[in-house]
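Read through the structure below, which is laid out as structure tokens, and then see the notes.
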Amino acid sequence: MGRIAAPHGVRGAFKVLPLSADPTSLLDFSQWWLRAHDTDAWTSHRVRATRVQSGMILAELDGVATREAAGALRGVSVGVPAELLPALAEDEFYQSDLVGMTVVNRSGDVLGPVVDFVESGAHPIVRVARAEGGQRLIPWVAQYVDRVDVAARRIEVDWPADY
């Protein structure tokens, strides 16, 4: 739902870049889960204070009391348990549910698995791992994303295999 961007002040507060359709949705939760990108483990933290400032969320968590501790969290993902999230419409998806799905183009070429999403400002971009190494960046817009088959864990796209 967000990513920690930078420390704020000297008492352990930090800025969070919201990654959800409603940037203020994180403010509704009294507990956040944090995950560094080099691990699959999430750790729970009680939220002491939050507020919105200039499109970012300023937050304070229990156990983060210094600027150095807040700085060590830079790049860490912020989430909440899925069962606490609101239900989605039929054509909506949580990005975290799409991670790991196989991306296939209209020709049937397997492009790779979804690694994560990158926010570009205009729209999300799905990052797909190439089997031969490297990645593909595909805009998450109707022009390129044809279908998401949740049951088959498959995303069909209009995207060339050699791009």
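The values are calculated or read from the model by the stated rules, or taken from the named source; none is laboratory data. All values reported here derive from a predicted model rather than from experimental measurement. Every residue, glycine among them, receives a Cβ derived from its backbone with ideal geometry; neighbour counts consider all protein chains shown.
Here are some notes:
- Scope the stretch 17-63; condition charged (D, E, K, R), more than 25 Å from LEU88 (Cα to Cα) and not in a strand (DSSP E or B); matching residues: ASP38, ASP62
- Of the residues screened, PRO86 is not one that is surrounded by 11 or more Cβ atoms within 10 Å (Cβ to Cβ), at pLDDT below 90 and within 25 Å of VAL145 (Cα to Cα).
- Residue within the stretch 130-137 that is at pLDDT 95 or above, of a type in the set (A, V, I, L, M) and not assigned by TED's automatic domain parsing to the domain that holds PRO18 present: yes
Let's see how each residue does on (1) more than 29 Å from LEU17 (Cα to Cα); (2) assigned to a loop (DSSP other than H, G, I, E, B); (3) among the small types (Gly, Ala, Ser):
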site: SER107; (1), (2), (3): yes, yes, yes
site: VAL114; (1), (2), (3): no, no, no
site: VAL118; (1), (2), (3): no, no, no
site: GLU132; (1), (2), (3): yes, yes, no
site: ARG147; (1), (2), (3): no, no, no
site: ALA151; (1), (2), (3): yes, yes, yes
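- Number of positions in the stretch 110-136 that are over 18 Å from the mean Cα position of the chain (by Cα) and either surrounded by 14 or more Cβ atoms within 10 Å (Cβ to Cβ) or under 18 Å from HIS37 (Cα atoms) (or both): 3
- The set of residues in the stretch 141-158 that are closer than 30 Å to ALA5 by Cβ and either among the polar types (S, T, N, Q) or touching a Phe, Trp or Tyr at 6+ places or on another chain (Cβ under 7 Å) (or both) comprises GLN143, TYR144, VAL148, VAL157.
- Filtered by the rule that a residue be modelled with pLDDT of 90 or more and either under 16 Å from SER96 (Cβ atoms) or within 15 Å of the chain's Cα centre (by Cα) (or both), the stretch 4-30 gives ILE4, ALA5, VAL16, LEU17, PHE29.
- The one condition in (1) more than 23 Å from MET1 (Cα to Cα); (2) at pLDDT below 95; (3) exposed (fewer than 13 other Cβ atoms within 10 Å of the Cβ) that ALA161 fails to fulfil: (3)
- Among the residues making up the stretch 74-83, a single one is loosely packed, with under 10 Cβ neighbours inside 10 Å and touching a residue at least 12 places away in the same chain (Cβ under 8 Å): ALA82.
- Residue match in the stretch 38-54 (condition: outside the structural domain of ASP146 (by TED's automatic domain parsing), in contact (Cβ under 8 Å) with a residue 24 or more places away in the chain and under 13 Å from the mean Cα position of the chain (by Cα)): no
- The set of residues from the stretch 55-69 being over 15 Å from ALA6 (Cα atoms) and either polar (S, T, N, Q) or outside the structural domain of ALA21 (by TED's automatic domain parsing) (or both) is empty.
- Cβ pairs under 8 Å, 6+ apart, first in the stretch 58-73 and farther than 9 Å from PHE14 by Cα, second assigned to a helix (DSSP H, G or I): GLY63/ALA69; VAL64/ALA70
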